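Below is one structure, written out as structure tokens; the observations come after it.
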Amino acid sequence: MLLAASFPDVEIPALAWVAFIPVLIGLEIEKQKYLAPFLTGWLFGTLFFFFTCWWLTFAPITYAGFPVIPTYLLLLGACAAAGIFSGLFGIVYATARRALGLPALLAAPFIWTAFEFARYWITGNNWNAVGYSQAFNPGLIQNASVGGVYLTGFTVVLSSTLAVFVIETVKRMRKEEREVPKPAIAGALVLLAVTGGLLVIPGIELSVRAERPIVSEMIAVQPNVPMAGLDLSKWRALRKRQTDLAEAKLDAIDERERPVTVVLPESPMNFQYALDPEFRSFIDGFAKRNDVSVLFNSAEPDPSRERGFFNSAVLVGPNGGMVKQYDKIHLLPFGEFVPLPEFAQELIPPMVGRFTHGQEYDLFDLGGAKAGVMICFESHFGSLSAEYARQGADVLIEMTNDGYLGPTPVLRQHLANTVFRAVETRRQVLRVTNVGITANIDERGVIADTAEPYSEAVRHWPVRTHGGSLTVYAAYGDWFAILCLLLAAALFGYSVSKLRRAPANESAAGLL
């Protein structure tokens with residue numbers, strides 16, 4: 001409950017720094033057993049995911065008419081499956097603790113990070129990893145530029161580990177009626193210094209950075225398109241409303257000295273630039289009339305399969321006509337594709353449509369600044385934004401629509417993902433959404449000029465060049481998480497080997 005409360009909607013980030021104290025103490029109690037540590041970790045993970053991801057029930061209940069209780073039971077099953085990874089954390093930690101004694105407690109942050117990364121590696125989803133709880137505290141997340149959201153989460157877990165290490169050391173010394181040894185005090189101080197260093201040092205680079213030059217401007221439209229009830233007349237009226245909002249903002253610009261790009265978000269309007277001549281004429285006319293480029297979400301044909309489509313971002317130039325197209329690489333499982341063998345895919349239709357995975361990391365030229373686009377769920381993938389940075393992106397643009405999930409905590413939880421993509425790459429992120437939260441996020445993760453959720457809004461932002469320098473994370477990706485995974489595997493193997501060599505001293509009852 002402490003960890004869940006550190007995330008939106010309760011959103012008290014400080015609670016995450018102590019949330020693992022009860023977990024680790026619980027595992028201390030159960031460390032001599034085999035099944036109980038797994039159940040301890042599994043229960044922790046299952047309840048955490050359930051209380052932070054309950055919003056997944058909104059769409060099936062609201063739009064598909066699913067019964068409430070069965071829907072929540074299905075969610076509980078999904079959360080129980082995700083909780084397996086925290087259960088495995090419990091097993092590995094307890095095994096190391098049993099084999100190596102109190103020093104193994106210090107391995108807890110490495111083991112937790114290893115299984116957070118394993119969850120992402122195996123399922124393709126790492127929603128609400130511990131580090132995301134700190135997304136709205138810029139001063140505490142700068143280490144993401146070195147090790148990504150995993151290093152931030154590691155630091156958070158390390159805080160609880162330090163507290164439990166001190167508690168267990170003092171308990172042992174009192175039990176043995178002797179003073180706390182100096183090595184234990186030194187170890188605690190080292191951990192404290194490491195925690196502080198992980199928070200402070202990565203942010204020092206920002207103090208010497210020069211202001212990046214502005215080369216173009218962007219108009220971001222948050223149109224608040226409803227999720228249902230659109231017929232053709234309403235569809236066209238809402239489409240025109242988006243361009244009217246953009247034109248009003250363009251008219252308010254006194255003198256246009258730089259190129260301007262109007263960005264429309266992902267939405268339920270399902271534009272099809274290549275296949276819809278009427279829409280193509282509409283958007284080309286808007287671009288020519290206002291001398292702007294237009295970036296929008298569109299379902300574009302996949303010539304490799306019959307009636308196949310990409311979920312794409314399309315850029316139309318000031319003279320009309322497509323300039324560039326990016327096809328979404330990371331599709332939403334069960335929403336945009338079914339992650340099952342080909343023979344089984346026809347049995348389960350995806351909720352939105354059966355799209356084709358994109359393959360190319362296409363960049364868009366926005367008046368001299370190169371932009372990489374993340375479409376909705378893609379802001380969850382640090383690997384994508386890091387690849388954009390390696391390809392030379394100056395800025396990142398997110399186009400998203402969270403409207404199907406309602407006015408729930410998902411709006412800020414999704415925003416938290418995007419904040420980390422800015423810090424990890426040290427790139428400005430311009431976030432354009434259908435229902436919110438539209439925002440301008442700088443390279444430190446500071447959020448500015450947000451638009452209220454579920455309202456019409458237009459924002460005017462500068463687009464800056466970057467210079468091409470790469471952070472450690474952008475250059476080497478999830479190196480820290482992979483290192484934790486390797487260390488956890490080695491620690492588990494060594495601990496099991498040591499326990500096998502030791503005399504058997506556990507009864508059958510001890511297995512539970």
- Yeah, region 215-466 with a ≥ b ≥ c from its alpha-carbon gyration tensor (a/c under 1.5 is rounded, else prolate when a/b outruns b/c, oblate otherwise) is rounded
- Message: From the phi angles alone, apply the Karplus equation (6.51, -1.76, 1.60; θ = phi - 60°) to region 275-287 and give each ³J(HN,Hα) in whole Hz, x where the residue is Gly or Pro.
- Response: 9, 10, x, 5, 5, 4, 5, 4, 6, 5, x, 4, 5
- Measure out, as a whole number of angstrom, how far apart the alpha-carbon centroids of region 299-330 and region 454-504 sit. 32 Å
- Gap in Å between the Cα centre of region 354-381 and the Cα centre of region 394-451? 15 Å
- Message: I'd like the antiparallel share, as a percent to the nearest 5, of DSSP beta bridges with both residues in region 215-466.
- Response: 60 percent
- Towards the positive end of the charge dipole of the chain, with charges on Cβ (+1 Lys, Arg; -1 Asp, Glu), say which of 410, 303, 91 has the farthest Cα. 91
- Query: Given a cut-off of 31 Å, what percent of all Cα-Cα pairs of the chain lie beyond it?
  - Reply: 49 percent
- If you average the sequence gap of Cα pairs under 8 Å that are 6 or more apart and divide by the length of the chain, what percent do you get for the contact order? 19 percent
- State the answer as a single residue: which of 262, 400, 318 lies farthest towards the positive end of the charge dipole of the chain, with beta carbon charges of +1 for Lys and Arg and -1 for Asp and Glu, about the Cα centre. 400
- Note on the structure: Toy charge model, Lys and Arg Cβ at +1, Asp and Glu Cβ at -1: region 215-466 dipole around Cα centroid in debye, rounded to 20, equals 180 debye
- Task: Please list the non-local residues whose amide H lies under 5 Å from the amide H of residue 323, H modeled 1.01 Å from N, same-chain partners needing a gap of 5 or more.
- Result: 315, 316, 317
- Task: Please report, largest first and rounded to whole Å, the three semi-axes of the ellipsoid equivalent to region 47-111, where each semi-axis is the square root of five times an eigenvalue of the C-alpha gyration tensor.
- Result: 37, 10, 6
- Which of the listed residues, 138, 435, 197, is farthest toward the dipole's positive end in the chain, when Lys, Arg count +1 and Asp, Glu count -1 at the beta-carbon? 197
- Item | Contact order relative to length of region 215-466, as percent, for alpha carbon pairs under 8 angstrom and 6 or more apart | 22 percent
- Message: Can you compute 3J(HN,Hα) from phi for each residue in region 420-436, using the Karplus curve 6.51 cos²θ - 1.76 cosθ + 1.60 with θ = phi - 60°, rounded to whole Hz and x for Gly and Pro?
- Response: 5, 5, 5, 5, 4, 9, 6, 10, 4, 10, 9, 9, 10, 10, 6, 10, x
- How large is the helix-only mean residue ellipticity at 222 nm for the chain, computed as the sum of -39500 (n - 2.57) over DSSP H runs with n ≥ 4, divided by its residue count, in deg cm²/dmol to the nearest 500? -15000 deg cm²/dmol
- Within 10 Å of each residue's Cβ, count the other Cβ atoms and sort 322, 173 from fewest upward. 173, 322
- Taking 400, 62, 169 and counting other C-beta atoms within 10 Å, the order from fewest to most: 62, 169, 400
- Task: Order the peptides 443-449, 431-437 from the highest to the lowest mean number of other Cβ atoms within 10 Å of their residues.
- Result: 431-437, 443-449
- Of 240/370; 33/498; 249/328; 31/175; 234/328, which sit over 23 Å apart, Cα to Cα? 240/370; 249/328; 234/328
- Query: Roughly how many Å is it from the Cα centre of region 265-288 to that of region 142-158, as a whole number?
  - Reply: 41 Å
- Query: Using modelled backbone amide H atoms (1.01 Å from N, in-plane), which distant-in-sequence or interchain residues come within less than 5 Å of residue 454's amide H?
  - Reply: 436
- Task: Could you estimate the translational diffusion coefficient of region 376-423 from the Stokes-Einstein equation, with Rh from the Kirkwood formula over C-alpha pairs, at 10 °C and 1.306 mPa s, in whole µm²/s?
- Result: 138 µm²/s
- Note on the structure: Given unit charges at Cβ for Lys, Arg (+) and Asp, Glu (-), the dipole magnitude of the chain about its Cα centre in debye, nearest 20, is 1620 debye
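Just so you know, all these numbers are worked out from the coordinates, no wet-lab data involved. Because the structure is a prediction, the values reported are computed rather than measured. Please note: Cβ atoms are built from the backbone with ideal geometry, for glycine as well, and neighbour counts cover all protein chains shown.
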